[in-house]
Amino acid sequence: MSIPAAEIEALLESVGAIRHGHFQLSSGLHSATYVQCALVLQFPHHAERLGRALAAALGDVGAEVVVSPALGGVILGHEVARALGCRALFVERDRTGAMVLRRGFALRAGERVVVVEDVWTTGGSTREAMRVVEAAGARVVAAGALVDRGEGFVAELRSVLPARALLELSIPSYRPDECPLCRTGLPVEKPGSRRG
Ligand SMILES: [Zn+2]
């Protein structure tokens with residue numbers, strides 16, 4: 001069941017998961033748009049519907065398991081797996097900062113995996129999750145996200161496998177010394193630090 005992108009954008013704005021203003025991102029860059037998917041995924045009925053839509057958008061890739069990078073991808077990955085009728089695992093960082101499978105999670109050799117994340121910025125976490133899957137001998141057959149911030153990661157992914165984001169945005173970000181919003185004198189908000 002697909003949901004038009006405009007409807008997804010309106011939903012995310014209505015719950016504050018997409019905000020407009022002047023923000024300092026966790027990368028230190030400034031942007032006029034802030035995305036925090038947890039604010040829409042906190043509602044189980046929205047999470048379930050979005051997971052179903054992402055599963056449908058990915059098409060029939062024969063997925064046997066969903067793997068998500070913790071924490072951001074866990075809820076959406078669970079809902080995509082519910083829609084696909086398969087199990088949902090997550091990868092997380094160990095004490096050295098490396099992404100690993102823990103908690104007794106295991107993948108079979110050749111198992112068909114969909115990697116799901118909440119938001120793609122540079123896609124670093126999805127890339128790491130894909131490496132963990134491949135190192136375990138399983139096979140990444142598709143990748144999906146709720147939001148792609150438009151920094152080119154989805155295009156890069158599509159050169160190697162089916163990849164879909166339910167909402168593809170194009171959100172410029174700026175170094176603080178080059179930020180046009182700073183020049184207007186608009187105060188900068190750091191939502192990541194304030195909201196944990
Ligand atoms: Zn700025």
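No value in this document is a laboratory result; all are computed from the given coordinates. Please read these numbers as outputs of a predicted model, since none were measured by experiment. With ideal geometry, Cβ positions are generated from the backbone for all residues, glycine too; neighbour counts draw on all protein chains shown.
Residue count for the range 14-28 satisfying the condition of being of a type in the set (Val, Ile, Thr) and assigned to a strand (DSSP E or B): 1. Taking the criterion of being surrounded by 17 or more Cβ atoms within 10 Å (Cβ to Cβ), in contact with a helix residue (DSSP H, G or I) (Cβ under 7 Å, 6 or more places away or on another chain) and either basic (Lys, Arg) or more than 17 Å from Ala63 (Cα to Cα) (or both), the residues of the range 122-161 that qualify are Gly123, Leu146, Asp148. Checked against the criteria, Val91 does not count as hydrophobic (A, V, I, L, M, F, W, C) and under 24 Å from Ala5 (Cα atoms).
Condition check ((1) over 16 Å from Ser68 (Cα atoms); (2) touching a residue at least 24 places away in the same chain (Cβ under 8 Å)) across all residues:
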| residue | (1), (2) |
| --- | --- |
| Val100 | no, yes |
| Ala135 | no, no |
| Arg139 | no, yes |
| Ala142 | no, yes |
| Pro187 | yes, yes |
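Taken over the range 162-181, the criterion of being crowded, with 17+ Cβ neighbours inside 10 Å and assigned to a helix (DSSP H, G or I) is satisfied by Leu181 alone.
Of note, Ala56 does not satisfy the criterion of being more than 15 Å from the chain's Cα centre (by Cα) and part of a strand (DSSP E or B). Residues that are crowded, with 19+ Cβ neighbours inside 10 Å, in contact (Cβ under 8 Å) with a residue 40 or more places away in the chain and either in contact with a Lys or Arg (Cβ under 8 Å, 6 or more places away or on another chain) or more than 11 Å from Ser2 (Cα to Cα) (or both) within the range 43-59 comprise Leu54, Leu58, listed in sequence order.
When residues of the range 141-196 are filtered for being within 25 Å of Ala5 (Cα to Cα) and within 13 Å of the ligand (Cβ to nearest atom), how many remain? Residues meeting the conditions: 2. Within the range 17-28, the set of residues being closer than 14 Å to Val147 by Cβ and either without any contact (Cβ under 8 Å) to a residue 60 or more places away in the chain or more than 16 Å from the ligand (Cβ to nearest atom) (or both) comprises Ala17, Ile18. In the condition set (1) in contact with a Pro (Cβ under 8 Å, 6 or more places away or on another chain); (2) outside any loop (DSSP other than H, G, I, E, B), Val61 is compliant with all but (2). Looking at the range 16-35, which of the residues that are surrounded by fewer than 20 Cβ atoms within 10 Å (Cβ to Cβ) and among the aliphatic types (A, V, I, L, M) is nearest to the chain's Cα centre (by Cα)? Filtering first and then ranking leaves Leu25.
In the set Val119, Val100, Val40, only one residue is of a type in the set (Val, Ile, Thr), over 22 Å from Glu156 (Cα atoms) and buried (at least 18 other Cβ atoms within 10 Å of the Cβ); that residue is Val40.
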